[in-house]
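Notes follow the structure.
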Protein chains: 2
Amino acid sequence: MKPTKRKNMQPEARRAQLLGCAQMLFFSKGFEDTTVQDVLDLAGVSKGGFYHHFKSKDELLFGVLDGMAEGVFSHMSVVASDETSPAIDLLHSFLHLRANYLREHEYSGQVEFFRVMNQEKNIILHERFKRRVCEDAMPILTKIIKKGCDEGSFTVTDAETAAELILFVSGFLDFALLRAIDARGTDTADHAAQKLQAAIDMQFLTVDRILGLPDGTTDFGWPEAVDVTMATVPPILPSAK
Amino acid sequence: MKPTKRKNMQPEARRAQLLGCAQMLFFSKGFEDTTVQDVLDLAGVSKGGFYHHFKSKDELLFGVLDGMAEGVFSHMSVVASDETSPAIDLLHSFLHLRANYLREHEYSGQVEFFRVMNQEKNIILHERFKRRVCEDAMPILTKIIKKGCDEGSFTVTDAETAAELILFVSGFLDFALLRAIDARGTDTADHAAQKLQAAIDMQFLTVDRILGLPDGTTDFGWPEAVDVTMATVPPILPSAK
DNA sequence: CCTTGCAAACCGACCGGCGGTCTGCAATTA
DNA sequence: TAATTGCAGACCGCCGGTCGGTTTGCAAGG
């Protein structure tokens, strides 16, 4: 048995390749259920090669997270750099980022993303991702809120805490969204859609009230989001193990 | 080498013993870092003995969670069974459960509990515990909110969603509490205490507003909680690994 | 243009330890 | 005594991670 043919690559290229493979596997099988060997096989690299570039499986996860966070952050930074618009507009832009992101990319892929992220086995992946995004978003949202307070349109005692709470509350939607996605095609679909709409309404109402804005000021920015979500054909994949 | 002296016990007693040992270890070392062998050593039982009572390590975790949830739930059920008091009083009782629980039990132990629960390595334990408590609390809080709507004191479109959101928002306090605890004794303690107070205020303000109550209706039910928290001598344990 | 030298990329056998299984025995009960 | 049940501990497969050695690409010297 002669040794496997070998292909040296630039470190960055290898790293990127491994991160790509890892991301695919993490999203499909989950972090814990993905073996380092799985990544190795998919990338066609040996264990030694892998550990030359990453010092642990955890570092691989953080690498993947960094990549995703960067994507999210690039969208946010556009909002952050706008100094002229009134705070209320910036807030709208900020809150609509997610909806815009979902619409821009093909939505069905994002649905899969949510489903996988919210599985029991992916708690770690999900939690770390949320934390990462929250950390990145905090300063930007804080800045917006402070601006709003200065302009007199927001009424908030502690901008930082308010920002934190709003970001925290954003997680509420994920939860409802997941259940709605899981209910698609079943006989509870209608009920789930109503619950999703209620969650969306209540979340944004809460944001309004946290900031001392009139009810109905903020919204998801994508009125037909629920219909679109529920309409998407459910890709029934019986959990490949 | 003669076999280890052996002590048969009643199944329930063994189970309880193993659960007790597991709980101790999970809270000190975290779920993932606790080996089944660790539990065996502490309980003085063999692997075969263990797997005679539990079919997996996960079942052990759920067992521990059940025990804790039962403790929490027993407090809640008292509130739930009260049919006569007005909803606003029930809401107060419900929201004060946590504060009461902290005060009744020696507080320093609870501090440790929070610290451990919120460590990176305990994400799974924490998340599952929150989910469990939330599931148990949902119907009770929903019932209270519906009662409040019937009485005309609450203004809420969807009681279930409101209950879910309130329970969700309750998690915000954990986060702030943890940081305050970690800051005790350091030079950022004052700032952390202020932030904790701000988080508490904002959380309950948010609850008021979700339910359509006048600002300041709900509170933590333990005004000096922040002072007590910050005053407790920090038990500096340099993270036994 | 061909050595030669060397650092970096890579291989894969190997390790300790994990969760979990299994066979058999000892304690208990009938 | 026979049957049941609580339990011991050797064992298994697998996983994350290590390590000594090999290959590759490239630049300097002839």
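Descriptive notes on the structure:
- Cβ neighbours within 10 Å from other chains - mean over A:76-82: 0
- 7 Å along Cα→Cβ, label-point gaps from A:His105 to other copies, nm, shortest first: 4.1
- Average beta-carbon neighbours from other chains, 10 Å sphere, peptide A:164-175: 4
- A 1.4 Å probe run over the protein chains yields, for chain A, 51 Å² of accessible area per residue, whole-number rounding.
- Cross-link table B:Lys57/B:Lys195; A:Lys57/A:Lys146; B:Lys57/B:Lys130; A:Lys130/B:Lys55; A:Lys57/B:Lys55, entries beyond 30 Å C-alpha to C-alpha: B:Lys57/B:Lys195; A:Lys57/A:Lys146; A:Lys130/B:Lys55
- Carbon plus sulfur fraction of accessible area for region B:11-53, probe 1.4 Å, in percent: 55
- The three principal axes of the Cα atoms in region A:114-155 give end-to-end lengths of 45, 15, 12 Å, sorted in falling order.
- Closest-to-axis residue of chain A (Cβ criterion, axis taking A to B), whole Å: A:Arg209, 2
- The residue among B:Thr157, B:Thr232, B:His191 whose Cα reaches farthest toward the positive pole of the charge dipole of region B:93-241, with charges on the beta-carbon of Lys, Arg, Asp and Glu, is B:Thr232.
- Size of the B/A contact, given as accessible area buried on both chains, probe 1.4 Å, in Å²: 2900
- Sulfur and carbon atoms: percent of accessible area, region A:145-241 [1.4 Å]: 58
- Neighbours of A:Gly148 by Cβ distance under 15 Å: Lys/Arg scored +1, Asp/Glu scored -1, total -4.
- Cα lying deepest toward the dipole's positive end in region A:11-53, options A:Gln23, A:Pro11, A:Thr35, charges on Cβ: A:Pro11
- Cα-based helix-to-principal-axis angle, A:107-117 vs chain A, degrees rounded to 10: 80
- Between B:Ser153 and B:Tyr101, the FRET efficiency from the beta-carbon distance, with R0 = 22 Å, is close to 0.30.
- Extending 7 Å from the Cα toward the beta-carbon at both A:Lys47 and B:Gln194 defines two label points whose distance is 5.3 nm.
- Computed over region B:11-53, Cα set: Rg, Dmax in Å: 9.6, 26
- Ascending list, in nanometres, of distances separating the B:Ser77 label from those of the other copies (7 Å, Cα toward Cβ): 5.5
- Taken over region A:143-200, the ratio of Cα radius of gyration to 2.2 N^0.38 Å equals 1.61.
- The percentage of C-alpha pairs in the protein assembly as shown whose separation is greater than 36 Å is 38%.
- Across identical copies of the chain, A:Arg15 has label-point separations of 5.2 nm, listed in ascending order, with the point defined 7 angstrom from Cα along Cα→Cβ.
- Pair-distance distribution of chain B: all C-alpha pairs, bin width 10 Å, starting at 0; shares per bin in whole percent are 7, 27, 30, 22, 11, 3, 1, 0.
The values are calculated or read from the model by the stated rules, or taken from the named source; none is laboratory data. Being a predicted model, the structure only gives us computed values, none of them experimental. Every residue, glycine among them, receives a Cβ derived from its backbone with ideal geometry; neighbour counts consider all protein chains shown. The protein model used for the area step is the full one, side chains on, heavy atoms only, and it has no ligands, DNA or RNA in it. Shrake-Rupley method; radii C 1.70, N 1.55, O 1.52, S 1.80 Å.
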